[in-house]
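Before any comments, here is the structure.
The values are calculated or read from the model by the stated rules, or taken from the named source; none is laboratory data. Quick caveat, the model's predicted, so the values are computed rather than measured. Please note: Cβ atoms are built from the backbone with ideal geometry, for glycine as well, and neighbour counts cover all protein chains shown.
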Amino acid sequence: SQKIEQNSEALNIQEGKTATLTCNYTNYSPAYLQWYRQDPGRGPVFLLLIRENEKEKRKERLKVTFDTTLKQSLFHITASQPADSATYLCALAGGAGNMLTFGGGTRLMVKP
Amino acid sequence: NAGVTQTPKFQVLKTGQSMTLQCAQDMNHEYMSWYRQDPGMGLRLIHYSVGAGITDQGEVPNGYNVSRSTTEDFPLRLLSAAPSQTSVYFCASTKTRGAANNEQFFGPGTRLTVL
């Protein structure tokens, strides 16, 4: 069955360092991959979208890579700040085009 | 624009009761969807709609009904609530018909407890 895995353990890093979050998937051939941020008690907020034929996408301090051979996406936040502390969700979409499947999310804690 | 709004924010039901979770968007988006979020399970798609009058099932549709009579509104109905439906429910919308290659805008969520 299709599976999306994100590290369920919280990632703790020091302010100013680069945070790297991982999204692995199996039995899936996604055409698109999206990353969202979710703060406690709030709905997810869209961050970035990357297509299967794109290796890398950047937006300000954010960078996403998409390796369809390894079946993995990496999400980087450079020069991290305490305000970046949140849960980050990856979501994949296959050929149907109308359904996104989400991973369980990874909680990031940036300490000052 | 208010974006995606959901009511109520919190709700407690007894087993067997029915209720409707409301969702509305004022962005003229074609695609709307309902997710439930449970600890450790991530967001799971319940139902979605690609336009007024068109709905389809997602990953976990059992126990839920939807309708889309207007572009703006996409209510989710629980006909006979069960404790397994205790969860946080999120409504989302997307500008065009496909959720895959478009940003989804999420509402603030409804926290539902079924006793």
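If the condition is being among the polar types (S, T, N, Q) and either within 12 Å of another protein chain (Cβ to nearest Cβ) or at positive phi (or both), then region B:26-62 contributes B:ASN28, B:SER33, B:GLN37, B:SER49, B:THR55, B:GLN57. Exactly one residue out of A:LEU108, A:LEU21, A:LEU100, A:LEU48 is crowded, with 17+ Cβ neighbours inside 10 Å, closer than 23 Å to B:ILE46 by Cβ and among the hydrophobic types (A, V, I, L, M, F, W, C): that is A:LEU100. Listed by position, the strands (runs of 3 or more DSSP E) contained in region B:74-115 that have at least 1 residues being within 24 Å of A:ASP39 (Cβ to Cβ) and within 9 Å of another protein chain (Cβ to nearest Cβ) are B:87-94, B:110-114. None of B:GLU59, B:GLU30 is under 22 Å from A:LYS3 (Cα atoms) and not polar (S, T, N, Q) except B:GLU59. The selection criterion, being without any contact (Cβ under 8 Å) to a residue 60 or more places away in the chain, out of contact with any helix residue (DSSP H, G or I) (no Cβ under 6 Å at 6 or more places or on another chain), more than 8 Å from chain B (Cβ to nearest Cβ) and surrounded by 15 or more Cβ atoms within 10 Å (Cβ to Cβ), holds for A:THR65.
Looking at region A:68-93 only, could you name the residues that are among the aliphatic types (A, V, I, L, M) and either free of Cβ contacts under 8 Å to residues at least 12 places away in the same chain or more than 14 Å from chain B (Cβ to nearest Cβ) (or both)? A:LEU70, A:LEU74, A:ILE77, A:ALA79, A:ALA83, listed by residue number. Filtered by the rule that a residue be in a loop (DSSP other than H, G, I, E, B) and either touching a helix residue (DSSP H, G or I) at 6+ places or on another chain (Cβ under 7 Å) or modelled with pLDDT under 95 (or both), region A:1-39 gives A:SER1, A:GLN2, A:ASN7, A:SER8, A:GLU9, A:ALA10, A:GLU15, A:ASN27, A:TYR28, A:SER29, A:PRO30, A:ALA31.
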